[in-house]
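Working notes, structure below.
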Amino acid sequence: MSKIRLKGANLLAPLPVVMVSSGDMKNSDIITVAWTGIVCSSPPRVYISVRRDRYSYQLIKDSGEFVINFTTANLLAACDWCGVRSGRDYDKFAEMNLAKGKANTVSAPLIEESPVNIECKVFQVVPLGSHDMFLADVLAVDVDESLTDDNGAIDYSKVNLVSYQHGEYYSTGRHLGRFGFSAQRKYISAYGKGKNAMSNSPLTRRRRPKRKK
Ligand SMILES: Cc1cc2nc3c(=O)[nH]c(=O)nc-3n(C[C@H](O)[C@H](O)[C@H](O)COP(=O)(O)O)c2cc1C
């Protein structure tokens, strides 16, 4: 594979794109955020990075709380709009016709229409340059019942989440495997190991065009 070398840039992909709600049930905002992720398993901790000039920034800084709301394909237009308009000029819940829900552990409201809401409490703010990183504990997660199995695990194949890749939104698509699948004996004996295993598997094997009779 021949490659070109680019200068250092933030091309890491795919990223989640989420709607972060903050404030309280009266005064609130929603900011679209792609600079977000998990930073620790136990205790569960996440981050969001926010520019200081965002309206949401001060709400989050003052309250020390926010909710990460997952973006589904159905919510994408609302999510994108919240990322190009400011809460200084608009009540985004009202403009996007989104229902403000009460969270269980934080005063920040959650977005009812979003199937997964992650309630977060900030424990550290790290100035990084263009953005400040809010590091936060996950206090609770609210999940649409119809998306969970008997153990409460989320069936992501039903959620239709959106990912963000350098200015473009993508559907997260098909389920391809479960954590650790490539090391299972059954899988290896059926499809092999390493770089050829996926192309041998029916999940990614290209369908041969049907022959005309
Ligand atoms: C896809 C997408 C991702 C974004 N990611 C971030 C981000 O990670 N951090 C940030 O500060 N702004 C991000 N923005 C920009 C803010 O969402 C945008 O400036 C928004 O209008 C700020 O709203 P506010 O002034 O009500 O807080 C993103 C926008 C879009 C469309």
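In table form, for the structure just shown:
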read-out	value
Rg over Rh, two decimals, segment 1-158 (C-alpha only, Kirkwood Rh)	0.99
Helix-only CD estimate at 222 nm, as mean residue ellipticity for the chain, using -39500 (n - 2.57) per DSSP H run (n ≥ 4)	-3500 deg cm²/dmol
Ordering of 57-67, 189-199 by burial proxy (mean other Cβ atoms within 10 Å per residue, highest first)	57-67, 189-199
Ranked by how many other beta carbons lie within 10 Å on average, peptides 12-20, 68-76, 38-46, 138-146 from highest	68-76, 12-20, 138-146, 38-46
Prolate/oblate/rounded call for segment 70-151, Cα gyration tensor, a/c under 1.5 rounded	oblate
Proximal lysine pairs, segment 15-171, alpha carbons under 20 Å, eight or more residues apart or interchain	12
Contour excess over end-to-end distance, with Cα ends at Ser107 and Ser130 and 0.36 nm allotted per residue	5.5 nm
Amide H partners (placed H, <5 Å) of Thr32, local residues excluded	Val20, Gly83
Packing rank of 89-100, 166-177, 117-128, where each peptide gets the mean count of other beta carbons within 10 Å, highest leading	117-128, 89-100, 166-177
Cα gyration tensor shape for segment 4-49, rounded if a/c is under 1.5, else prolate or oblate	oblate
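All of the numbers you see were taken from the coordinates with simple rules; none came from a lab. Given the structure is predicted, the values throughout are model-derived calculations rather than measurements. For neighbour counting, all protein chains shown are included, and Cβ atoms are generated from backbone atoms with ideal geometry for every residue, glycine included.
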